[in-house]
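Report on the following structure.
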C-alpha cells in the first residue's frame, strides 16, 4: 500500500523557504491550499516556472486584481434545484457529492466550496436528488462532481451508483475526477473501486470517467497504471482541462498532452477557457490567443488525439469557439439550457484582450435554421425564474 499523505497547510511543504511561506500564507488565508506528497513530488523545485508547481502552489498574483471574476462565474446558483443538485441542460443532472479533492487547483472555478464562510452546496443526502431524477424521464445523464467524487469512500460511491442504476432512464453516469492525476494510488491500491466500476459500467450503460490531465508531466507511470485499471474495469475515459497561462499555453505542450492522452487510451474531450473566478486571473489566457494556441496544437496530431473542442462554460451554456478572422470571433452554442438555442451561431466583434463572453460585443446570433436573430440578450439566463426548489 502507498503512503500518500495529504497536506492542507502551506507551512507543511518543506521545499518552501520561510520567506516564501510568509508571503504565501497571505494567499492561503483567502484561497486555501491543498496538496499531497505524491503530486508535490512531481515538482522540479529548482524551477520556479515548473508547471506542476504552478497548478498547485499558491502565488501572490492571486491577490493582485481584486476586481477580477466572481465566486460563481458560470452562475451555477441559477440552475441549483437543491443543495448539491444542478439541472442546467434538460437531459443532464449534476450531483456535487464531495467538497474534498486530491489537491486544490489554484485555478479552480469552484473554489468557493473551500473558502471561509462558504454556503453549503454539497449533496449530503442523495435520496431526494435521485427521486428528482426518477420523476424526470428526460434526464438520461448524471454527472458526479464536487470536489472529487473519488475522495468518497468506495462503499459510499457504490451506494450512489447503485441508486442511479435503479433509475431505468439514466443511461450514462459520469464521474468527474482528478484523482488518477493527483493521487493514482487511490485507484491502484483499492481493488474494490475497480470492482464497483465494473459492476455498474455495463455494455448497455457505461460509466464515463472525466479525467483532468492538464500537462504531460502529470502522465506518470503511476497515473498510467491507474488509467489502465479503470479501462480494464469497463469505464470510458475522457479528459477535460483548462488552457492555463504558464502551464499549457503553448501549442507544443498542448499537442504533447493530446498525443500522450491518446496513447494511453484517454480521449481528449474539452479544453476549457479558464473561467473568471476570483483569484484566477494569473492563470487565464485571453480568448483569441487561447483559441489560436488550441488550433495550432491540433495541426500535426492524429485524429484520435484531436477530438477535443474549445469551450467556454458560460451561464448561457457551453459556448464552442469555432473561428476567427481579423474582425470577428465565431462561436456556437454547443449546449444550452433552452434546447432551441443549441447549435445557434454567435458572431462577436474581435477583442484580443477579452477573456470571457461578457468581454465581447455580440453582433448577431444566427439560429440553426440560418436565419439571423436579434442581438443576443445577455439577461435571458441570469434573470431566469425557472429555478425550482426541491424539498428533502
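Bear in mind that the values in this text are calculations on the coordinates, not laboratory data. Keep in mind it's a predicted model, so treat the numbers as computed, not measured. Heads up, the Cβs are rebuilt from the backbone with ideal geometry, glycines too, and the neighbour counts pull from every protein chain shown.
Of the numbered conditions (1) buried (at least 19 other Cβ atoms within 10 Å of the Cβ); (2) free of Cβ contacts under 8 Å to residues at least 60 places away in the same chain; (3) out of contact with any strand residue (DSSP E or B) (no Cβ under 7 Å at 6 or more places or on another chain), residue 293 fails exactly one; give the number of that condition.
Looking at each condition in turn, residue 293 falls short on (3).
Answer yes or no: is there a residue in the range 196-219 that is crowded, with 22+ Cβ neighbours inside 10 Å, more than 21 Å from residue 96 (Cα to Cα) and touching a strand residue (DSSP E or B) at 6+ places or on another chain (Cβ under 7 Å).
yes
Looking at the structure I just gave you, is residue 158 under 28 Å from residue 39 (Cα atoms) and either within 20 Å of the chain's Cα centre (by Cα) or surrounded by 21 or more Cβ atoms within 10 Å (Cβ to Cβ) (or both)?
No, not satisfied.
Which numbered condition in (1) touching a residue at least 12 places away in the same chain (Cβ under 8 Å); (2) surrounded by fewer than 21 Cβ atoms within 10 Å (Cβ to Cβ); (3) out of contact with any helix residue (DSSP H, G or I) (no Cβ under 7 Å at 6 or more places or on another chain) is the only one that residue 283 fails?
(2)
Could you please find all residues in the range 1-46 being closer than 25 Å to residue 69 by Cα and buried (at least 18 other Cβ atoms within 10 Å of the Cβ)?
Within the range 1-46, 10, 24, 27, 28, 31, 33, 34, 35 qualify.
Evaluate the following for residue 262: is it buried (at least 17 other Cβ atoms within 10 Å of the Cβ) and touching a strand residue (DSSP E or B) at 6+ places or on another chain (Cβ under 8 Å)?
yes
So which residues in the range 52-104 are in contact with a helix residue (DSSP H, G or I) (Cβ under 8 Å, 6 or more places away or on another chain), in a loop (DSSP other than H, G, I, E, B) and surrounded by fewer than 20 Cβ atoms within 10 Å (Cβ to Cβ), if there are any at all?
Scanning the range 52-104 gives 59, 64, 65, 68, 71, 72, 75, 90, 99, 100.
Tell me the strands (runs of 3 or more DSSP E) entirely within the range 154-265 that contain at least 2 residues that are farther than 25 Å from residue 126 by Cβ.
Filter on the range 154-265 gives 236-243.
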